Amino acid sequence: MNAIASRRDILKGGALVVALSFAPPLRAQTAKVAAKTVDPTQVDAYLAVHADGTVTIYSGKVDLGTGLRAAFPQIAAEELGLPIARIRLVEGDTDTTPDQAPTSGSNGIAKGGMQLRQAAATARQALVRMGAEKLGKPAADLDAIDGEIRPKAGGAGVSFAVLLADKSFDMKLDSKAPVRRPDTFRYVGKHVKRPDVPAKVMGSFVYAHNFELPGMLHGRVVRPPSMGAALETVEESSVSSIPGVQVVRLKNFLGVVAPDEWDAIRASRMLKATWSGGGLPATSDNLADWVRTRAASLGDETLDKRGDFEPAFAGGAKKLTADFYWPAQSHASLGPSCAVADVSNGEAKIWCSSQGTHRYRKHFATMLDIPTSKTSVYYLDGAGCYGMNGHEDAAADAAFLSRAVGKPVRVQWMREDEHGLDPKGPPQVITQEAALSPEGKIVAWRTQMWVPKATEGLPTIPLLSPAETGSKQTPGMGTGSVSQGGTPVYDVPNQQTLVHWLKETPLRPSHLRAPGKIGNLLAVETFMDEMALEAGRDPLAFRLEYLSDPRGRECLQRAAALFGWDARVQPRRDGKGRGIAYTQYKGNDTYVAMAMEVEVDGASGRVRVTRVAAAQDCGQIISPDGVRAQVEGCILQTIGRTLFEEVKFNSRNVTSRDWASYPILTFPDVPDLKIDLIDRPNEPPIGSGEGATAPVAAALANAVFDATGVRLRNVPFTAQRVKAAMLEGGARHG
């Protein structure tokens, strides 16, 4: 693609658009797209047939490293009967793609991909009707094959391009249009190479970080020494020695802009300013107690109730209780957030790595007081996000600075910004209570949790810059569905899940991969092991006893077989152990079972995961390689979150602002991974971006118990914490 051509110019000319082009960065777009609908009820919102026989598909869902750039063409190619090589993808461009909601919750394929499938099936049906008229044959005798409508029995056909004659379909998406049968699949379920990998390997891929616009300046925002502090004074003369620097102040928002990035960095550090007020209501040292006893409450809610817990618990022969804590965590993206904005002439164009470009288009328009119709957001790859990190914050920073100076501005956060300012996964406090019968049967089980409640109808996570500038944005908290996963998926007669909703958290919260589910499942699945021990049962056999769902049972049994599970009741206590955990993600989604082996160093308390075996059933698999990569990524990231990650903060600010104070899993810590993917081609796909995160912490904790005889209930399982628990356990049993 020519570097001086705009995407809109290409679209207007009817040429093929390659959204995942690895050419040099595009020039700023100024022309609007001609007659391209983005109405998600219209077929033309999702695909276009070009005169050269190629097809462009348009997706509001974006590839976050999840492999959608391979999977979406597979889906479209299958339904259209077109070779994958002739399909190109445009993603996350608010001017040309339909609003399919943010790419989150493992819904990229489960929702976005299935919308594309129906659009392509509708298009195929229309093309077959056109072909029948052109060829003078019954539609039932025809099919779409290699870009043509041909007789199923063989013979000459007519190309899509001739049939459509460069026109649009101009028809509604038919939700009942018949899709291809799995036994006819040519592309779905097969390995397809990801088209973005070669350019990423060769260093020619255009990320948000190396995207450029003509005349672009560089910006940095100066944040207060205490969260929520007010800006009192600014000495602009303190940066006068740096040529070309402009200081931007908008109420409590303070930034600098310069032609050279290093000059912007220097100016942000040299600029003298005074601040007042601010601070946090708790610290990381007392956070668990603050959550349970001092945080403002929004009341209680019973999320799930079966039978009658209270009398069943009171009448139980053996009662068990346990408290768990999951800390605030950072998204910890390896690269800091970055965005480019051009806000001028009454329009806003923003390039960033947002998971929800359409949603944030409206938000950016509101905060800038510019009509949504004159605001555009374009997706570019970033350094990962796992929910919502600082991508949109950096975009808002760039937008305010650009509007102030009237030129395009690029903002890249520093590492201390990313670790210190990204919205955090919120803390969780969980209590488990259960009672067993004299025969060791579970007769009552209750989960209680203390978690922040997401603001109902909140359009986006509130951003830093709009709050500092006093611009419009809806106040509230975005946390994700942090209460999910607290209800056991097992057949227990008297069950209750009770949530104590919190009105606040000390740090700005947001969705962090599998929000709440990992901590909740840590509590549920380690408690399941505790009950198995009390009942004198092997943990795997005990789970199967209470699990009637055949897909869940198969998942557990296949994970155990892959691992080589050795059944026993008592822990080994010799420094090497195995654990198992299971979930049906969100209670009605992907099935995942996981067995894990650990080694615990008795002298230091260091835990090392040596091998993992996981089985996953996510329904129909579109791209096996993509699913496998997601499962592996889920496991590795969550091992790191369980062993190492905790945001440290004092009464003023986050203090864990680098990789030394916020460590993550490193390459030497990567265990042996074995993955068993259960493909169900006749079932709908139900997502694989998050499910395999959920059982990791529980399997790990159960393995540590097997190795040491010590229960770990407070994350992270640092060497110091494990050593202290071992010493305490030894003293208790001595």
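Rule-based calculations on the coordinates, nothing more; no lab input. Quick caveat: nothing in here was measured; it's all calculated off a predicted structure. When we count neighbours, we look across all protein chains shown, and the Cβ atoms used for this are built from the backbone with ideal geometry, even at glycine.
Sort the following peptides by mean Cβ neighbour count (other Cβ atoms within 10 Å, averaged over residues), highest first: 532-540, 138-146, 334-342, 511-519.
Details: 532-540: 18.4, 138-146: 15.8, 334-342: 24.1, 511-519: 28.3.
Packing order, densest peptide first, comes out as 511-519, 334-342, 532-540, 138-146.
Checking the a/c ratio against 1.5 first, then a/b against b/c, what shape does the Cα gyration tensor give for region 533-734? Let's see the in-between values first.
On the way: a/c = 2.09, a/b = 1.27, b/c = 1.64.
Since a/c reaches 1.5 but b/c is at least a/b, the shape of region 533-734 is classed as oblate.
List the residues of region 641-681 whose backbone N lies under 15 Å from a point placed 7 Å from the Cα of residue 179 along the Cα-to-Cβ direction.
Taking a point 7 Å out along Cα→Cβ of residue 179, the residues of region 641-681 whose backbone N falls under 15 Å are 680-681.
May I ask for the distance between the Cα centers of region 647-720 and region 548-608, given as a whole number of Å?
Their Cα centres are 13 Å away from one another.
Taking 60 Å as R0, compute the FRET efficiency from the Cβ-Cβ separation of residue 661 and residue 170 and round it to 0.05. Each step should come with its number before you reach the end.
Working: r = 58 Å, r/R0 = 0.96.
E(calc), rounded to 0.05, equals 0.55.
Cross-link list 305/586; 576/723; 251/472: which exceed 21 angstrom alpha carbon to alpha carbon? Can you show the working numbers first?
On the way: 305/586 16 Å; 576/723 15 Å; 251/472 13 Å.
Listed pairs above 21 Å: none.
With point charges of +1 on the Cβ of Lys and Arg and -1 on the Cβ of Asp and Glu, referenced to the Cα centre of region 533-734, which listed residue (686, 580, 563) lies farthest in the positive direction of the dipole?
Checked the options; the winner is 580.
Between region 74-113 and region 117-150, how many Å separate their Cα centres?
So the two Cα centres are separated by 21 Å.
What is the set of long-range amide H partners of residue 494 at a cut-off below 5 Å, with H atoms built 1.01 Å from backbone N?
Residues meeting the criterion, in which the H sits 1.01 Å from N, are 445.
Full extension from residue 554 to residue 534: what is 0.36 nm times the residue separation minus their Cα-Cα distance, to one decimal in nm? Write down the numbers at each step before the final one.
Values: separation 20, 0.36 × 20 = 7.20 nm, distance 2.53 nm.
Difference between extended and current length: 4.7 nm.
Give a residue-ordered list of calculated ³J(HN,Hα) values for region 466-477 (Karplus: 6.51 cos²θ - 1.76 cosθ + 1.60, θ = phi - 60°; whole Hz; x for Gly, Pro).
In residue order, the calculated couplings are x, 5, 6, 7, x, 7, 5, 6, 6, x, x, 10 Hz.
If each Cα of the chain is one equal point scatterer, what is log10 of I(q)/I(0) from the Debye formula at q = 0.08, 0.11 Å⁻¹?
Log10 I(q)/I(0), no solvent term: -0.69, -1.20.
How large is ³J(HN,Hα), in whole Hz, for each residue of region 266-283 in order, when computed from phi with the Karplus curve 6.51 cos²θ - 1.76 cosθ + 1.60 and θ = phi - 60°, using x for Gly and Pro?
4, 5, 5, 7, 8, 4, 8, 8, 10, 10, 9, x, x, x, 10, x, 8, 10
What is the antiparallel percent of DSSP beta bridges lying wholly in region 533-734, to the nearest 5? Show your work: numbers first, answer last.
Details: 20 of 27 bridges.
Bridges in region 533-734 are about 75 percent antiparallel.
Roughly how far apart, in whole Å, are the Cα centres of region 186-265 and region 320-364?
Computed from Cα coordinates, the inter-centre distance equals 14 Å.
In deg cm²/dmol and to the nearest 500, what is the mean residue ellipticity at 222 nm of the chain if only DSSP H runs of at least 4 residues count, each as -39500 (n - 2.57), divided by the residue total? It would help to have the intermediate numbers written out before the result.
Numbers: 18 runs with 203 residues, N = 734.
Value at 222 nm, helices only: -8500 deg cm²/dmol.
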